[in-house]
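S.K.: Dropping the structure in here first, questions after.
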There are 4 protein chains.
Amino acid sequence: MFGNARLHAFRRRLHEVIFEADTPAGKTFDVALIITILASVGAVMLESIASFRAAHGAALRFAEWGFTLLFTLEYLLRLWTVGRPLRYATSFFGIVDLLAILPTYLSILLPGAQYFLVIRLLRVLRVFRVLKLAQYLIEADELRRALRASRRKIIVFLVAVLTLNVILGSLMYLVEGAENGFTSIPRSIYWSIVTLTTVGYGDISPRTNLGQALASFIMIIGYAIIAVPTGIVTAEMTWTRRRPVSTQVCPQCAAEGHDPDAVFCKRCGARL
Amino acid sequence: MFGNARLHAFRRRLHEVIFEADTPAGKTFDVALIITILASVGAVMLESIASFRAAHGAALRFAEWGFTLLFTLEYLLRLWTVGRPLRYATSFFGIVDLLAILPTYLSILLPGAQYFLVIRLLRVLRVFRVLKLAQYLIEADELRRALRASRRKIIVFLVAVLTLNVILGSLMYLVEGAENGFTSIPRSIYWSIVTLTTVGYGDISPRTNLGQALASFIMIIGYAIIAVPTGIVTAEMTWTRRRPVSTQVCPQCAAEGHDPDAVFCKRCGARL
Amino acid sequence: MFGNARLHAFRRRLHEVIFEADTPAGKTFDVALIITILASVGAVMLESIASFRAAHGAALRFAEWGFTLLFTLEYLLRLWTVGRPLRYATSFFGIVDLLAILPTYLSILLPGAQYFLVIRLLRVLRVFRVLKLAQYLIEADELRRALRASRRKIIVFLVAVLTLNVILGSLMYLVEGAENGFTSIPRSIYWSIVTLTTVGYGDISPRTNLGQALASFIMIIGYAIIAVPTGIVTAEMTWTRRRPVSTQVCPQCAAEGHDPDAVFCKRCGARL
Amino acid sequence: MFGNARLHAFRRRLHEVIFEADTPAGKTFDVALIITILASVGAVMLESIASFRAAHGAALRFAEWGFTLLFTLEYLLRLWTVGRPLRYATSFFGIVDLLAILPTYLSILLPGAQYFLVIRLLRVLRVFRVLKLAQYLIEADELRRALRASRRKIIVFLVAVLTLNVILGSLMYLVEGAENGFTSIPRSIYWSIVTLTTVGYGDISPRTNLGQALASFIMIIGYAIIAVPTGIVTAEMTWTRRRPVSTQVCPQCAAEGHDPDAVFCKRCGARL
């Protein structure tokens, strides 16, 4: 049937449509894909609503299998058309693409597994790449860089906060005790985290005078603590923003600190 | 009756009174308008209190229609006196002015629509313009500029946070289940948003051990997450404030944005 | 009895003891005063606890009158010894000193007025002045300056937030209605403020699906909103900190931007 | 038996194993120690869960005594091998090491004291030192420096916030009263702290109209207040990061801290 060359051309054409968004066909494919993903996630959400499941359960299961077969076909085509299949399969989006179809198959053995299908939503993050939202990508990258740069400080902070929570939680367990809802140390640590992060559900709250005094103290401490991650990230971002200085050195007077768009030395006027 | 010229002069005079705040009459009109707006919003609020509505319902409805007829007259006068009526009608304040009178008329058909009258409050934002609070306007502008500059970063952040909320909410739905209040995925997403934003109503809260452990993990993550928008806005504001750029313009090439200590133009090398 | 000169000397001596903290007697007086204030505030707090009031009510009332007579005497002595009594009486601490004794006398006519005595606590703020905690005063001043400098931005922000709260609250009143706890627009505005500030008591929380969706939207918006005041204050503080540059100009080469401790020009080496 | 020299060598060898992490034996010891600590803290937590204690109480008590004897032996060895025992015993980790064994012995007299054993977790903070996570140590140090530098500002802030809380709490006690849950001034202060820190349990919440209005006002104020510690820490961190100081030392007067673009020493005018 197909000659080898024609098959090759077809595969390359398919690759363009599936992986790129430069051609009209590629763009149409990507937009259609996003709509399909959002629809399938919507179906999973609707299925979780008991009254809706009772009324339209069969239709939802049918749609779910339809979406999954579609995404399975797409995954296989991606594997076939891509140059290095293994590399794609182990990349972030390759794994997400696989996880986006597995739960439906798993739900045959494990009822309820289909709810993991919401992971499909991660595929929508491609929207930024697909629609060539270049400026958004740069901003996302800037955010990611700031977070990665403050990675170590945040880990040190989290270890310190967790240790603090364990100790404060144990203290409250001793002060309040099981009769006031602090039934065990792990549950008291849960309360301590709820309090220090200022979430404050109120499902467990101190009732003795000493407990309320200690809790007040913890909350006041929490003030200073919540300031720390904000400080870390902000300092990093301010820092990242403040680097529009060229590394160019004036060949005549060796002055540094020129703007990136400078053509002449700002000190001596020599051409850079 | 009126000659054309006198009508024209009257219209211009009216325009000055209604739209400007330079003349004593214009200022008096604007202050009176603001008081009327606040009074009408107060009346709407009072009407929503059941006991008050039972006692003074007729008087409130009467006042409401009075305010609305007054604002309708004012809206028509604005349309008549302004140079380009369509432009005014489609401007921000033009739309607000219209929305501020529609609900009363709508309430004949749709009982309850009159509560939308609180949108009248947006008209009070004119207070900044009216009272010539120039410095406040500049500060408001600075805030708006910082928020607009960080627009894209905030959108990237919100898309990421929403995706995270959907996935975390679904996970909690699986862990806790309908018997602990997580009755569906949309409701679990609602819980997840309530938790990550550190609002923490406590109307839904995890009860199983695994659920509380997962919630603790989510809250700790929320620490880092809440730091991000603060970091974005702060970095932008610090950046806006830091403007050590000279106002000098190159006499040769008219380039701007030189450093305060620059001696030569960084574009063309001419002496500044 | 006393000669006029001796009375004058006694008055000056008393002034030193009461108003200054340089002499040992003055320091002793101030420390004793602070202890008395803290004790009297403690007594007011204890009186508010029903079980304690039942057991020791008479003793507490006695102590209260004792403290009040003591502070009244002190207030009169301050008025007598100070050079310009009216100026002292209308100063911040003069008013606080008066407010710190009035409630007890008022409580004869108005039972319960004595709880206003906690305002005495403001007198303790003198501790910073008294104990010559100069460095703390400078830091407090830096904080106050940063807050005052961002005053206008914060007012613009608060007006915008209040308008937003009124509109969001009214919307939720329409969506949820009285049967879900949103009994009136003012109460819905209270809920809106509780949500946007991320306090989240949970005494009122949305129960309908549309209400929870709207609330989620409000909370996500609250993310960006809570970042704004932090951004304002932080930018102001970073800005305040970054000014260690001398205004000195080199007399030889007119270079600017020297460190405050520079003695020689960093560009040409000339003595500044 | 042992010659004095051999004993000395053994002691030095033991010191290396226990205190250092350079040799394979030292590293193995430290990793084993961390695992043991985590296991013992886990046992304490499990003991606090009533159902678990009922089933495995004896085994847990046995494990606890085992861990404590082990840690006691280790503490004694540390005292013996270290050069200056008193200095170690009074150092931060020396005290933590002692506190990590005392509660078990105390629990003979005071049942429940064993829960203080969670303080053992502080020993795990050694993990940073042990595993030579040098970069983490630097980051931790940077955090600590930023917090210490803003120490005074934070204390001023906390004193101001506590005073505010006492006054606001007393006001709410008068407005709401005991019948709405504000049973005493200390409890109202607890509510005020819960609100201003945006924790918001909802165990106590205002019910009267005036109380809800006042609470709304307090929360709006809380907006500005929560921005302050964040601003303090962030400004400090941004400041720490911004170190555009040259490492050049003046060859004449050894002055440091020159600007990166300095040509002459700012102290003595010598060419750098």
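The values are calculated or read from the model by the stated rules, or taken from the named source; none is laboratory data. Nothing here was measured: the structure is a model prediction, and the numbers come from that model. All Cβ positions, glycine included, derive from the backbone under ideal geometry; neighbour counts span all protein chains shown. In case anyone asks, the SASA skips ligands and DNA or RNA and just uses the protein heavy atoms, side chains included. Shrake-Rupley method; radii C 1.70, N 1.55, O 1.52, S 1.80 Å.
S.K.: Say each of A:Ala213 and B:Trp65 gets a label point 7 Å from the Cα, pointing the same way as Cα to Cβ; how far apart are those two points in nm?
M.R.: Reported label-point gap for A:Ala213 and B:Trp65 is 6.4 nm.
S.K.: Let me ask something additional. Taking the label point 7 Å from Cα in the Cβ direction, how far apart in nm is B:Gly42 from each other copy of itself, listed shortest first?
M.R.: Result for B:Gly42, in nm, nearest copy first: 4.6, 4.7, 6.6.
S.K.: Throw me the Rg/Rh for the stretch B:23-72, computed over C-alpha atoms with Kirkwood Rh, two decimals.
M.R.: Checking Rg against Rh, the ratio lands at 1.11.
S.K.: Using the crude model of +1 on Lys and Arg Cβ and -1 on Asp and Glu Cβ, and no other charge, please compute the dipole size for the stretch D:2-132 relative to its Cα centre, in debye to 20. Let's see the in-between values first.
M.R.: Working: 15 positive and 8 negative charges, 78 e Å.
Computed about the Cα centre, the dipole is about 380 debye.
S.K.: A further question on this structure: Given a Förster distance of 60 angstrom, what is the FRET efficiency for D:Leu73 paired with A:Ile108, based on the Cβ-Cβ distance and rounded to 0.05?
M.R.: It comes to 0.60.
S.K.: Once the whole set of protein chains is in place, how much accessible area is left on A:Leu158, using a 1.4 Å probe, in Å² to the nearest 10?
M.R.: Using a 1.4 Å probe on the heavy atoms, I get roughly 50 Å².
S.K.: Could you check how much of the accessible area of the stretch C:1-117 is carbon and sulfur, as a whole percent, using a 1.4 Å probe?
M.R.: Carbon and sulfur atoms account for 74 percent of the accessible area of the stretch C:1-117.
S.K.: From the square roots a ≥ b ≥ c of the eigenvalues of the alpha-carbon gyration tensor of the stretch B:2-132, which class results: rounded (a/c under 1.5), prolate (a/b over b/c), or oblate?
M.R.: prolate
S.K.: From largest accessible area down, sort D:Val159, D:Val17; use a 1.4 Å probe on the protein chains. Can you show the working numbers first?
M.R.: Details: D:Val159 50, D:Val17 25 Å².
Output order, biggest surface exposure first: D:Val159, D:Val17.
S.K.: If the label for B:Asp141 sits 7 angstrom from Cα along the Cα-to-Cβ line, what are its distances to the same label in every other copy, in nm to one decimal, shortest first?
M.R.: Taking the point 7 Å beyond Cα along Cα→Cβ, the inter-copy spacings are 3.4, 3.4, 4.8 nm.
S.K.: Put a dot 7 Å past each Cα toward the Cβ at B:Ala25 and A:Arg145; how far apart are the dots in nm?
M.R.: Computed distance between label sites A:Arg145 and B:Ala25 equals 6.0 nm.
S.K.: Report the calculated FRET efficiency for D:Ile221 and C:Phe92 (r = Cβ-Cβ distance, R0 = 25 Å), to the nearest 0.05.
M.R.: Details: r = 19 Å, r/R0 = 0.76.
Working from the Cβ atoms, E equals 0.85.
S.K.: If you count only protein heavy atoms and use a 1.4 Å probe, how large is the accessible surface of D:Tyr75, to the nearest 10 Å²?
M.R.: About 30 Å², rounded to the nearest 10.
S.K.: Give me the net charge for the shell around B:Met172: Cβ to Cβ below 15 angstrom, other residues only, Lys and Arg +1, Asp and Glu -1. Please report the intermediate quantities before stating the final value.
M.R.: Details: positive: B:Arg187, B:Arg207; negative: A:Asp203, B:Glu176, B:Glu179, B:Asp203.
Overall, the nearby charge balance is -2.
S.K.: Separate question: Taking K and R as +1 and D and E as -1, what net charge do the other residues with C-beta under 11 Å from the C-beta of B:Phe182 add up to?
M.R.: That sum, taken over residues with Cβ under 11 Å, equals 0.
S.K.: Label position 7 Å from Cα toward Cβ: report the copy-to-copy distances for D:Ile221 in nm, one decimal, ordered from shortest.
M.R.: For D:Ile221, the inter-copy label distances come out at 2.6, 2.6, 3.7 nm.
S.K.: Let me ask you something else. Convert each backbone phi in the stretch B:220-233 into a coupling constant with the Karplus relation 6.51 cos²θ - 1.76 cosθ + 1.60 (shift: θ = phi - 60°), then list the ³J(HN,Hα) values in order as whole Hz, x for Gly and Pro.
M.R.: 4, 4, x, 3, 5, 5, 5, 6, 5, x, 4, x, 4, 5
S.K.: Out of every Cα-Cα pair in the stretch C:73-232, what percent are more than 29 Å apart?
M.R.: Here the long-distance tail beyond 29 Å is 52 percent of all Cα pairs in the stretch C:73-232.
S.K.: Then there's this: Heavy atoms of the protein only, probe of 1.4 Å, neighbouring chains included. What is the accessible area of A:Lys153 in Å², nearest 10?
M.R.: The accessible area comes out at roughly 20 Å².
S.K.: Residues with beta-carbon under 12 Å from that of D:Thr90, excluding D:Thr90: net charge, scoring Lys, Arg +1 and Asp, Glu -1?
M.R.: Cβ neighbours under 12 Å give a net charge of +1.
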